[in-house]
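The values are calculated or read from the model by the stated rules, or taken from the named source; none is laboratory data. Fair warning: this is a prediction, and the values are worked out from it, not measured in the lab. Here the Cβ positions follow ideal geometry from the backbone for every residue, glycine too, while neighbour counts run over all protein chains shown. In case anyone asks, the SASA skips ligands and DNA or RNA and just uses the protein heavy atoms, side chains included. Shrake-Rupley method; radii C 1.70, N 1.55, O 1.52, S 1.80 Å.
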Amino acid sequence: MSRVIILILMHVFGDFFLQGIKLSKLKALKIPYLLKHVGIYTMAFLILSPLILGLTILQGIAFSLLNGSIHLLIDSITGKYKMKYIETDESKYITIVVIDHTLHIVILIASYMLLFPKAY
């Protein structure tokens, strides 16, 4: 269970604390900002995976690149819907945000369990 909490905290750190408000808004509008966002997120996982999860450097790279790629896909899809509803329908906007972060966390946990079944 502690690994799940660590993965969630890593996600929060990489997706929120390392991102400025400007980048957070612009990532849904322009691809270069989305790529910068995902690059920062992936770099955080590259650094933290060996340090906090105890993965080897190679395992950390594989885990980080896999989740960074999936993060890019999810954010490219959900970002469009967030922008569509941000000013017109607050409940739909919040629903998209919840779906976005739920997908990120579920995929982080699932990929960790599949890649490193003996680690938890």
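What figure in square angstrom, to the nearest 10, would you give for the accessible area of residue 89 with a 1.4 Å probe?
Accessible area of residue 89: about 40 Å².
Want the number for residue 106 to residue 18: 0.36 nm per residue separation, take away the alpha-carbon distance, what's left?
Once the chain is fully extended between residue 106 and residue 18, it gains 29.6 nm.
Sort 109, 74, 99, 8 from largest to smallest accessible area, using a 1.4 Å probe on the heavy atoms of the protein chains.
Details: 109 35, 74 15, 99 80, 8 60 Å².
Ranked from most to least accessible, the order is 99, 8, 109, 74.
In percent, how large is the relative contact order of the chain, given Cα pairs closer than 8 Å and 6 or more residues apart?
Numbers: 99 pairs, mean separation 32.9, N = 120.
Relative contact order, the chain: 27 percent.
Per DSSP H run of at least 4 residues, take -39500 (n - 2.57); add these up for the chain, divide by its residues and hand me the 222 nm value, nearest 500 deg cm²/dmol.
-26500 deg cm²/dmol
Leaving ligands, DNA and RNA out of it, rank 12, 98, 38 by accessible area with a 1.4 Å probe, largest first.
98, 12, 38
May I have the extent of the alpha carbons of the chain along their three principal axes, as whole Å values ordered from largest to smallest?
46, 26, 20
Describe numerically, in nm with one decimal, the distance between label points set 7 Å from Cα along Cα→Cβ at residue 43 and at residue 116.
A separation of 2.2 nm, rounded to one decimal place.
Which pairs break 31 Å Cα to Cα here: 30/118; 36/84; 25/118; 80/118?
From the list (30/118; 36/84; 25/118; 80/118), the Cα-Cα distance tops 31 Å for 30/118; 25/118; 80/118.
Please give the FRET efficiency for residue 88 paired with residue 51, using the beta carbon to beta carbon distance and R0 = 41 Å, rounded to the nearest 0.05.
0.45
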